[in-house]
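Have a look at the structure below before the remarks.
The values are calculated or read from the model by the stated rules, or taken from the named source; none is laboratory data. Just so it is clear, the model here is predicted, and its values are computed rather than measured. In this analysis, Cβ positions are derived from the backbone assuming ideal geometry, glycine residues included, and neighbour counts consider all displayed protein chains. All accessible areas refer to the heavy atoms of the entire protein, side chains included, with ligands and DNA or RNA removed. Shrake-Rupley method; radii C 1.70, N 1.55, O 1.52, S 1.80 Å.
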Amino acid sequence: MVNYTWSHSQDNASDDQAYIGVAPTAYLDPMVDYGDSDNDVRHVVAGAVTYQIPAPADSGAGRALLGGWSIDGLFNARSATPVYILGGTVSSGGVLWSPRPNVVPGVPVYLYGSQYPGGLRINPAAFSNPGSTQGNLARNSIRGFGAWQVDLAVHRQFQLTKAVNLQLRGEVFNVLN
């Protein structure tokens, strides 16, 4: 079984939490925050396979010991989610809020190298503090890091009665990490 999903979600507030103070409406048009949703994952691929290991053809001890075994494999991968970058907390008109920073022209947003976990890092030098105004970085325009995972399972099915089965199972999650 294999499944692929493409999606794109946009809004101007992905949830109703107030952990990031919003700018007073006297200073900011709410449509300035229109962009990719916090939960915008563009690509998702999932796959699963089950293989039932054939039992020996004889009906004796070999079939009793080696019959009923299966192997399962699962694969999941997704593209990166957005990262909401803030320029700090400021007070305007008696209200605390957190503007987005300005983008520094010519400075790369990502740094690549073996010294970074996963070989990639967001470059803090690519952004500057906008002061008490909203910066020019669009909401959720920077992406974090995608993820993928492979899980494996081996199991044996025992038929205790005609209606009752017992399964012995061993599983390994994220086997390549």
Env charge @ Leu65, Cβ radius under 14 Å, K,R +1 / D,E -1, value +1
Ala48 paired with Asn129, simple spin-label distance in nm, labels 7 Å along Cα-to-beta-carbon
5.0
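Can you tell me how much longer the chain between Asp72 and Met1 gets when fully stretched, taken as 0.36 nm per residue apart minus their C-alpha distance, in nm with one decimal? Walk me through the intermediate numbers first.
Numbers: separation 71, 0.36 × 71 = 25.56 nm, distance 1.16 nm.
Using 0.36 nm per residue and subtracting the Cα-Cα distance, I get 24.4 nm.
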Out of the total accessible area of segment 36-76 (probe 1.4 Å, heavy atoms of protein only), what percent is carbon and sulfur?
66
How are the C-alpha pair distances of the chain spread across 10 Å bins, as whole percents from the shortest bin up?
8, 23, 22, 16, 12, 10, 7, 2, 0
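222 nm [θ] for the chain, helices only, -39500 (n - 2.57) per DSSP H run of 4+, per residue, to 500? Can you show the working numbers first?
Values: 1 runs with 6 residues, N = 177.
Helix contribution divided over all residues of the chain: -1000 deg cm²/dmol.
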Report Rg (one decimal) and Dmax (nearest whole number) for segment 77-133, counting Cα atoms only, units Å.
14.6, 45
Here the FRET efficiency for Leu168 versus Phe145, based on Cβ atoms and R0 = 41 Å and rounded to 0.05, is 0.65
